[in-house]
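The values are calculated or read from the model by the stated rules, or taken from the named source; none is laboratory data. Treat the numbers as computed from the prediction; the structure is a model and nothing was measured. Heads up, the Cβs are rebuilt from the backbone with ideal geometry, glycines too, and the neighbour counts pull from every protein chain shown. The protein model used for the area step is the full one, side chains on, heavy atoms only, and it has no ligands, DNA or RNA in it. Shrake-Rupley method; radii C 1.70, N 1.55, O 1.52, S 1.80 Å.
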Amino acid sequence: MKKTDLLLTGIGCLYTPEGRVPKCGEEMGRVRQIQDAAVAIDQGRIVMVGQKDEVMAALTAEEAMIKETLDVGGRIMTPGLVDPHTHLVHGGSREHELAMKRSGVPYLDILAQGGGILSTVKSTRQWSEQELYDKAHRSLDEMLLQGVTTIEAKSGYGLSLDAELKQLRVARRLQENHSVDVVSTFMGAHAIPAEYKGRTNDFVDIIIRDMLPTVASEGLAEFCDIFCEEGVFDVEQSRRVLLEGKRYGLIPKIHADEIVALGGSELAQEVGAISAEHLVMTTDQGLSSLAAGNVIPVLLPGTTFNLGLDQHARARDMIDKFRLPVALSTDYNPGSCPTESIQLIIMLASLNLKMQPEEILTACTLNAAAAIGRAADIGSIEVGKRADLTIFDAPNLAYLPYHFGINHTFGVIKNGTQVVWNRTLKTKAVQGEGVR
Ligand code: NIG
Ligand code: FE
């Protein structure tokens, strides 16, 4: 006899955006709220959601035979959070650059001197696949404990065919073994490796000739990204890489207008990118291009915060004037933003981007899912979607950006299974192959 797998009750308030496409402009603030809610889950999918009495009344006699019921204890629930821009897999760390940073040496100058991204390239090339896997696995555990159930992970610290493949294979193994879903992006065009210094076009040729075909034929990535920035890859080089990637079936993404407004947003529209990321310096023309091209702006307030910049992405203009579907992300990486904490990003989106709690929720769930092509499957608590849910020890949604610097996540349900409860990873999440 058919029984419902799991019934969640005692949900003080459930908050979710709705739909299978990203929410634009003022729609970002429209979040469904259900007091005293219940969610029924079967085979990893949501089969019913609503006010508890309604859900109980709607269940058929068979469905009402529940295999397991979990009382959430009056806490609040949101969709599992989605982090659509991370540089998860890398070797080493860069705390040795802190003194230089604090004495005012700009981010791009550190890179030009062979440090920054290139310092991480050195360690990533040296580290074994297992070492990279173990470090990334620990980071994924942190993300899960914060309430994140799906992330995107970029390569780009290998910058040679073998080392890029090594990173992407680690991401694939993590996707197979860790509870958090890992969606892969090839970002061989993240910096110019030392051996190609002054020969950027030659390096672009290698990306196109050697890397893209192998990454695509091994099915190691869904997306292709590039750091379109002054002194890194210019617009023409970015166009070549993204269009060639597209020929191999990789959907374009772009790091655009982070430090200098080079025209990356306009290029995003031109090449049909799914998302453009950073966008701190983007002009009105760039924002119009994003709107015209249905490109999702992925904002990374942790990066501007950590780089100590005064200027922030113009989230209010993006939402109010250009009606864009803003998404948020950690940009977790060992240089410009060494944090796995999506809850820090939630606070910074409120403080520095002036986003409202409901907008922030949409940006961290449905719109973030859309930025990695997953809005039909995750990002909201609705019938048919995957049962990825986060439970916070908080009285309401606004409490998350308000009470800052601590982790509010009490529990996480991934694919209908409890993977975090009482702030602790359940065994399945920590098993994997990673040695802790
Ligand atoms: O998104 N901007 C380029 N890439 C990363 C930083 C990588 C690093 O510093 O290691 C970013 O911020
Ligand atoms: Fe990045």
Sort out which residues of the stretch 176-191 are away from ligand 2 (no atom under 16 Å from the Cβ) and crowded, with 19+ Cβ neighbours inside 10 Å, and write them in order of number. 178, 179, 180, 181
List, please: which pairs have Cβ atoms under 8 Å, are six or more places apart or on different chains, and start with a residue in the stretch 206-232 that is within 30 Å of residue 281 (Cα to Cα) and open to solvent by less than 10 Å² (accessible area, probe 1.4 Å) and end with one that is away from ligand 2 (no atom under 16 Å from the Cβ) and in a strand (DSSP E or B)? 223/251; 224/251
Check on residue 285, open to solvent by 10 Å² or more (accessible area, probe 1.4 Å) and within 16 Å of ligand 1 (Cβ to nearest atom): no
Does the stretch 355-368 contain any residue that is within 16 Å of ligand 2 (Cβ to nearest atom), open to solvent by less than 30 Å² (accessible area, probe 1.4 Å) and under 27 Å from residue 136 (Cβ atoms)? yes
Subset of the stretch 341-388, residues closer than 13 Å to residue 325 by Cβ and polar (S, T, N, Q), comes to 362, 365, 367
When the stretch 310-328 is examined, which residues are found to be closer than 22 Å to residue 83 by Cα and either touching a Phe, Trp or Tyr at 6+ places or on another chain (Cβ under 7 Å) or part of a loop (DSSP other than H, G, I, E, B) (or both)? 312, 313, 314, 323, 324, 325, 326
Out of all the residues in the stretch 56-97, which are at pLDDT 95 or above and among the hydrophobic types (A, V, I, L, M, F, W, C)? 70, 72, 76, 77, 81, 82, 88, 89
Can you pull out every residue in the stretch 37-81 that is under 25 Å from the mean Cα position of the chain (by Cα) and either of a type in the set (D, E, K, R) or within 16 Å of ligand 2 (Cβ to nearest atom) (or both)? 45, 75
For helices (runs of 4 or more DSSP H) lying entirely in the stretch 174-289, having 2 or more residues that are closer than 24 Å to residue 328 by Cα and at pLDDT below 95 picks out none
Would you be able to tell me the number of residues in the stretch 290-329 that are modelled with pLDDT of 95 or more, open to solvent by 60 Å² or more (accessible area, probe 1.4 Å) and within 16 Å of ligand 1 (Cβ to nearest atom)? 2
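Listed here are the residues, each with its yes/no results for (1) in contact with a strand residue (DSSP E or B) (Cβ under 8 Å, 6 or more places away or on another chain); (2) over 30 Å from residue 316 (Cα atoms).
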position: 4; (1), (2): yes, yes
position: 19; (1), (2): no, no
position: 22; (1), (2): yes, no
position: 33; (1), (2): yes, no
position: 38; (1), (2): yes, yes
position: 51; (1), (2): yes, yes
position: 54; (1), (2): no, yes
position: 57; (1), (2): no, yes
position: 68; (1), (2): yes, yes
Note on the stretch 83-121: residues within 16 Å of ligand 2 (Cβ to nearest atom) and β-branched (Val, Ile, Thr) are 86, 89, 110, 117, 120, 121
Being in a loop (DSSP other than H, G, I, E, B), open to solvent by less than 10 Å² (accessible area, probe 1.4 Å) and closer than 24 Å to residue 119 by Cα is the filter here; which residues of the stretch 139-165 pass it? 155, 156, 157, 158, 159
Residues being more than 20 Å from residue 376 (Cα to Cα) and surrounded by fewer than 17 Cβ atoms within 10 Å (Cβ to Cβ) - total across the stretch 12-60: 11
